[in-house]
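Heads up: the structure comes next, in structure tokens.
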Number of protein chains: 2
Amino acid sequence: MENEKIIIGITHGDINGIGYEVILKTLAEPKVTESFIPVIYGSAKVAAYHRKSGDIQGVNMNIINNIDEINPKRINIVNCINDEIKVELGKATEEAGKAAFDALEQATSDLKKGRIQAIVTAPINKKNIQSDKFSFPGHTEYLEEKFSMGTPALMILMNDVMRVAVVTGHIPVSEVPKAISKELILQKIEVLNYSLKRDFKITRPRIAVLGLNPHAGDEGVIGNEESTIIEPAIAEAVKKGITCVGPYPADGFFGSGNFKKFDAILAMYHDQGLIPFKTIAMESGVNYTAGLNIIRTSPAHGTAYEIAGKNMASEESFRQAVFAAIDIYKNRQWSDEIAMNPLKIEPKTDRAGKIE
Amino acid sequence: MENEKIIIGITHGDINGIGYEVILKTLAEPKVTESFIPVIYGSAKVAAYHRKSGDIQGVNMNIINNIDEINPKRINIVNCINDEIKVELGKATEEAGKAAFDALEQATSDLKKGRIQAIVTAPINKKNIQSDKFSFPGHTEYLEEKFSMGTPALMILMNDVMRVAVVTGHIPVSEVPKAISKELILQKIEVLNYSLKRDFKITRPRIAVLGLNPHAGDEGVIGNEESTIIEPAIAEAVKKGITCVGPYPADGFFGSGNFKKFDAILAMYHDQGLIPFKTIAMESGVNYTAGLNIIRTSPAHGTAYEIAGKNMASEESFRQAVFAAIDIYKNRQWSDEIAMNPLKIEPKTDRAGKIE
């Protein structure tokens, strides 16, 4: 199986954003599709529309009705959407929200059945996708409900420079202090540690944990969550054998370059992790949802309505999301084999988790 | 007066940190002291100790008891501290906290009397300086109480790349949502706009305002402070003739480089502004307290206990803080003259506020 091509489901996301543009630009490169079998979940008609507006050559799609009809040598697209759907570039329409949801449902159903080995999700609009069937702030929470292993899902953003995970994700700042607890932070540290080992083949991961408050609370002068919640969680993790240090004041931690010494950083809230991540490398980020029994990655950007249909979007982040999904799949296979046969010698790994 | 040298007071901050090292390294360069008259508020004995441990040549100090004894051709040091004081490098001692406070009190007293034209403050330890006389989270709040012009003080961090100001400063994250209001944000925008014009000679400043929540609330899916508080404040500011845009999602705003189009960015809380600021340029940051009737700058770093006395500190940020204070003094003089004589033609300014 290790050398067989895996099937990766690609959900089209919001049809009025840059989703199709980055998907098609990625798949237009023959070297990319050499390494896996792509199955887009979306609309052949909408894909054709974006292919034309983006003047994207070299993407001939095998239009199918379901995963059974897949051709392993082609770029497959499962038609999940009514052909009457209207593209309104840059607009948040109800129709587009429903189309994003329908494609996601179909893909996750096939993922659950093991018919595809991973999904890469193009960006959705978090507002128009809401319905009685989808009431989540984003993909992460939706997938957590479907594919949880009992522990919380963990959003990890990664690029060549860093991996940053967040304890709390798409929640208002006002809810962050109530949401973080010693137990939750400890769980997130454990999921992160497990993922670094299993998904990234890092034998002994080093994890940095950030404080919540400015200057990490300045010894209690500016808030006390550091001493009452974060420090005890770190101490507990260390007791469990995890190499984990902190809490660090977030601004100085990134400013000093200290973050480079760690395999991953655990931030307390969304912007605390994503601001430095995007400031350093906007275009090359991958969002990986760790802690699930399936593999899901996505580009770090959003729908980018303002440049939709203008052939201005970079597919860099999407391409890396695809490669990350493949890498994680292979790493998991390897790690699980090792776990079954503990006498096999562990390879040395570098920071990026590649075998030396 | 425009070509006369101004007197700048320099407070020594925490004697067990890197304060004296960066002060003395800055003043050791003859070109620096050509442009102003330095007066350190501190201890000649402690200064000598750090000069020796840092092996800093070329700083001969004129030791004086008060500002009346100043020698305009020398590096002056006002002895504010008992000579018996003990330096304990890297330690947060009560003695050092008191010494930091005493120097600050003396300097602000001379500043109030107009005996010095600006102060540059070396970093304090925000914990050991606390006493019944000083119960503030930092310099900014202490100076706001002493030198307010009726509007709130505004912390601006600046370097070659950006100026970022924060609506809330040294308060816990849990208090941020309660602390921000339409009125406060509007006041901060107005102070920022006024400062950009008067202190930085930018004729028509462009201000970007960030959202509070992840994705700036994603149209209400992740919090509503954007629509209920921040947008109304921006609208009100625009009505008053201020060029101000937002609220922007913080992560994408810095990631996309969009911030480069603005003269200043207003962040909602400390880390939202300081993380990207330090991530981009740790060593070259200046902290300026706008909105006061005096001028105060400081380096963007802290006491850095871990490298105290090791001759490892960079004086770059401190030197820039000194030059920023001089520039702001000159800009204010020019702006105030213009205001008194409105027929004088305004010079063109570039982004940094320098005359072309």
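Annotations
- For the range A:29-60, residues that are over 18 Å from residue A:8 (Cβ atoms), outside any loop (DSSP other than H, G, I, E, B), free of Cβ contacts under 8 Å to residues at least 60 places away in the same chain and touching a Leu at 6+ places or on another chain (Cβ under 8 Å) total 1.
- Residue match in the range B:253-261 (condition: surrounded by fewer than 23 Cβ atoms within 10 Å (Cβ to Cβ), in a loop (DSSP other than H, G, I, E, B) and more than 8 Å from every other protein chain (Cβ to nearest Cβ)): no
- Looking only at residues in the range B:204-226 that are under 17 Å from residue B:266 (Cβ atoms) and open to solvent by 10 Å² or more (accessible area, probe 1.4 Å), the one that is nearest to the other protein chains (Cβ to nearest Cβ) is B:225.
- Residue within the range A:262-272 that is open to solvent by 10 Å² or more (accessible area, probe 1.4 Å), more than 19 Å from residue B:254 (Cα to Cα) and either touching a His at 6+ places or on another chain (Cβ under 7 Å) or more than 14 Å from chain B (Cβ to nearest Cβ) (or both) present: yes
- Across the range B:160-178, the qualifying residues are those that are open to solvent by 10 Å² or more (accessible area, probe 1.4 Å) and more than 11 Å from every other protein chain (Cβ to nearest Cβ), and the one among them that is modelled with the highest pLDDT is B:163.
- Residue A:85 fulfils the conditions (1) under 26 Å from residue A:138 (Cα atoms); (2) part of a helix (DSSP H, G or I) except for a single criterion, (2).
- Top-ranked residue of the range B:15-28 - restricted to ones that are under 19 Å from residue B:82 (Cα atoms) and assigned to a helix (DSSP H, G or I), ranked as farthest from the chain's Cα centre (by Cα): B:20
- Hey, residue B:16 in contact with a helix residue (DSSP H, G or I) (Cβ under 8 Å, 6 or more places away or on another chain) and farther than 24 Å from residue B:328 by Cβ or not: yes
- Put simply, of B:98, B:91 the only residue that is free of Cβ contacts under 8 Å to residues at least 40 places away in the same chain and either more than 17 Å from the chain's Cα centre (by Cα) or more than 22 Å from residue B:45 (Cα to Cα) (or both) is B:98.
- Residue count for the range A:194-203, restricted to those that are open to solvent by less than 20 Å² (accessible area, probe 1.4 Å) and assigned to a helix (DSSP H, G or I): 2.
- Test: residue A:81 is open to solvent by less than 30 Å² (accessible area, probe 1.4 Å) and touching a residue at least 12 places away in the same chain (Cβ under 8 Å): yes
- When the test is whether a residue is over 21 Å from the mean Cα position of the chain (by Cα), within 14 Å of chain B (Cβ to nearest Cβ) and of a type in the set (D, E, K, R), residue A:182 does not pass it.
- If you filter the range B:230-252 down to residues that are in a helix (DSSP H, G or I), touching a residue at least 24 places away in the same chain (Cβ under 8 Å) and among the β-branched types (Val, Ile, Thr), you find that the one that is surrounded by the most Cβ atoms within 10 Å (Cβ to Cβ) is B:230.
- For the range B:204-229, the set of residues classified as small (Gly, Ala, Ser) and outside any loop (DSSP other than H, G, I, E, B) consists of B:208, B:216, B:217, B:227, listed by residue number.
- Look at (1) under 18 Å from residue A:17 (Cβ atoms); (2) open to solvent by 40 Å² or more (accessible area, probe 1.4 Å) and you find that residue A:107 fails only one, number (2).
- Residues of the range A:289-335 classified as more than 11 Å from the chain's Cα centre (by Cα), more than 14 Å from every other protein chain (Cβ to nearest Cβ), among the β-branched types (Val, Ile, Thr) and crowded, with 22+ Cβ neighbours inside 10 Å, total: 1
- Here residue B:126 fulfils each of the conditions (1) at pLDDT below 95; (2) under 16 Å from residue B:297 (Cβ atoms); (3) surrounded by 20 or more Cβ atoms within 10 Å (Cβ to Cβ) apart from (2).
The values are calculated or read from the model by the stated rules, or taken from the named source; none is laboratory data. Since the structure is predicted, the reported quantities are computational estimates derived from the model, not experimental observations. Cβ: placed from backbone, ideal geometry, glycine included. Neighbour counts: every protein chain shown. Just so you know, the surface numbers come from the protein's heavy atoms only, side chains and all, with ligands and any DNA or RNA stripped out. Shrake-Rupley method; radii C 1.70, N 1.55, O 1.52, S 1.80 Å.
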